[in-house]
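Read through the structure below, which is laid out as structure tokens, and then see the notes.
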Amino acid sequence: NAGVTQTPKFQVLKTGQSMTLQCAQDMNHNSMYWYRQDPGMGLRLIYYSASEGTTDKGEVPNGYNVSRLNKREFSLRLESAAPSQTSVYFCASSFLETLGNEQFFGPGTRLTVL
Amino acid sequence: QQQVKQSPQSLIVQKGGISIINCAYENTAFDYFPWYQQFPGKGPALLIAIRPDVSEKKEGRFTISFNKSAKQFSLHIMDSQPGDSATYFCAASLAGGGNKLTFGTGTQLKVEL
């Protein structure tokens, strides 16, 4: 089992460009999450999907969109990238979206917006 | 506004010593408190977690101490080893708020020989 996989590992964009970060899990988990990690800020939730077919905003959703493509895949899209979106992005999944379900994280995507 | 405050930002401990990382929260509706460990270039991984109905939880060398009245919880790493060198994040989830995590700002731990 690969667990949670993310592509790409690294990406450099120019301001205004768009891109989609891909995430997939093979653990038959129902819930998936997107976080961003910035120095001195910890991890902050961008969007989450409690189950296939549902998505909801997290703490910092502005400038992002998500798609829960199927049970395995949850993508994060930046329509018009800004330097403030330079960050490391982590996808995570859990079996259920109920309190205390362990979240399993992918290896991250390091994004730089020039 | 940081809902979970974590300290210190960085910590250096000698091999065999005790590492202590502290977190404090304001929202009494938080009902689940995990600690995550992150190695460079990797995603965070769950280390240990506690619910507020107990004051302490121990798993091997790792212990969470929880003080509900003070709204504080801490991670103790006994007999710290160089392999424990990593960034540690405390987090919290709201009762009735699903499984969404609010993270602290992280503590970079270095264990020296």
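Computed from the coordinates by the stated procedures, all read-outs in this text should not be read as laboratory data. No experiment lies behind these values; they were computed from the predicted model shown. Cβ sites come from the backbone with ideal geometry, for glycine too, and all protein chains shown count toward neighbours.
Using the basic label-point model (7 angstrom from Cα toward the beta carbon), what is the B:LYS57 to B:GLN14 distance in nanometres?
Result for the modelled spin labels: 3.3 nm.
Over 22 Å apart: what share of the alpha carbon pairs of chain A falls there, rounded to a whole percent?
When every Cα pair of chain A is considered, 25 percent fall beyond 22 Å.
Place a point 7 Å from Cα of A:ASP26 in the direction of its Cβ. Which residues in the range A:61-104 have their backbone N less than 19 Å from it?
Backbone N within reach: A:69-75, A:91-95, A:104.
Inverting the mean 1/r over all pairs of different Cα atoms, compute the Kirkwood radius of the protein assembly as shown and quote it in Å. List each step's numbers first, then the result.
Values: mean 1/r = 0.0556 Å⁻¹.
This gives a value of 18.0 Å.
Take the alpha-carbon centre of the range A:43-81, take the same for the range B:29-103, and report the distance between them in whole Å.
One Cα centre to the other: 25 Å.
Treating cross-link reach as a plain straight distance, find the lysines whose alpha-carbon is under 26 Å from the alpha-carbon of A:LYS57, omitting any fewer than eight places away in the same chain.
A:LYS9, A:LYS14, A:LYS71, B:LYS5, B:LYS42, B:LYS100
Per residue Cα convex hull volume for chain B, in cubic angstrom?
98
Using DSSP to call loops (not H, G, I, E or B), can you name the trypsin sites (Lys or Arg not before Pro) in the range A:7-38 whose Cβ has at most 13 other Cβ atoms within 10 angstrom?
Taking the range A:7-38 and a limit of 13 other Cβ atoms within 10 Å, the loop trypsin sites (Lys or Arg not before Pro) found are A:LYS9, A:LYS14.
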